[in-house]
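Undergrad: The structure's right below; bear with me while I get my questions together.
The values are calculated or read from the model by the stated rules, or taken from the named source; none is laboratory data. Computed from a predicted structure; not experimentally measured. Backbone-built Cβ (ideal geometry, glycine too); neighbour counts: all protein chains shown.
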Amino acid sequence: MSERAPVPPSDRRTFVSKVAAVVIGGLVTVAAPIAGLFPILDPLRRRGETRGMVRVTSFASLPESGEPRKFPVLDTLVDAWNRTENVPVGSVYVQRTGENSVRVLNSVCPHLGCSVGYNAAGHGYFCPCHKSSFTVDGAIADPKSPSPRGMDPLDAVVKDGEVWVKFQNFRKGSPERIAV
Ligand code: FES
């Protein structure tokens, strides 16, 4: 009957070290390329990011008479891998309607997209391109106006004395207000 010779402790340590090296090496081999993909895939995860509200002016800058004022809208644009601050995306008319409330209208004509002007003498808006006219609250003033709908109202809040607007464009030439 033969007896096995005992394995020396140093051989056992060598074996355990080799197994550990193989396991750790395998994990690193798999994990490193996956970790490397995160910076590449991250913008794809952000693709559906929605734009929030943007500050357009202070409430104090609006005439107490309720006459609208036109302001540019600057927003942060995010595409797949770029983020650009303060990009002009449009303009709005802001009108003080109360102690802490405003009405905001997109300044683009819903007919074909010309820029609508405000006529202080006429207390309303007028589009010079095809002569659509709108009341101060944005409704169609003259039934002969070619615009298929009134001016587009936008969500807005007054917070800490600043006017914040959720800017949005809508499909032109459509009676329905369809966000684009
Ligand atoms: S674009 Fe304004 S009336 Fe045609």
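Undergrad: Hey, among the residues in region 67-86 that are at pLDDT 95 or above and surrounded by fewer than 18 Cβ atoms within 10 Å (Cβ to Cβ), which one's nearest to the ligand (Cβ to nearest atom)?
TA: Taking the candidates together, the pick is LYS70.
Undergrad: For region 115-129, state whether one or more residues are in a loop (DSSP other than H, G, I, E, B), surrounded by fewer than 16 Cβ atoms within 10 Å (Cβ to Cβ), within 15 Å of the ligand (Cβ to nearest atom) and without any contact (Cβ under 8 Å) to a residue 60 or more places away in the chain.
TA: For region 115-129, residues in a loop (DSSP other than H, G, I, E, B), surrounded by fewer than 16 Cβ atoms within 10 Å (Cβ to Cβ), within 15 Å of the ligand (Cβ to nearest atom) and without any contact (Cβ under 8 Å) to a residue 60 or more places away in the chain: present.
Undergrad: List, please: which pairs have Cβ atoms under 8 Å, are six or more places apart or on different chains, and start with a residue in region 65-76 that is under 15 Å from SER107 (Cα atoms) and in the same structural domain as ASP137 (by TED's automatic domain parsing) and end with one that is hydrophobic (A, V, I, L, M, F, W, C) and loosely packed, with under 14 Cβ neighbours inside 10 Å?
TA: GLU67/ALA120; LEU74/VAL87
Undergrad: Right, another one. Would you confirm whether any residue within region 68-78 is closer than 20 Å to ARG171 by Cα and assigned to a loop (DSSP other than H, G, I, E, B)?
TA: No: zero hits.
Undergrad: Another question, then. Among the candidates VAL157, VAL89, VAL94, VAL108, which residue alone is surrounded by 14 or more Cβ atoms within 10 Å (Cβ to Cβ), hydrophobic (A, V, I, L, M, F, W, C), within 16 Å of the ligand (Cβ to nearest atom) and under 18 Å from VAL54 (Cβ atoms)?
TA: VAL108
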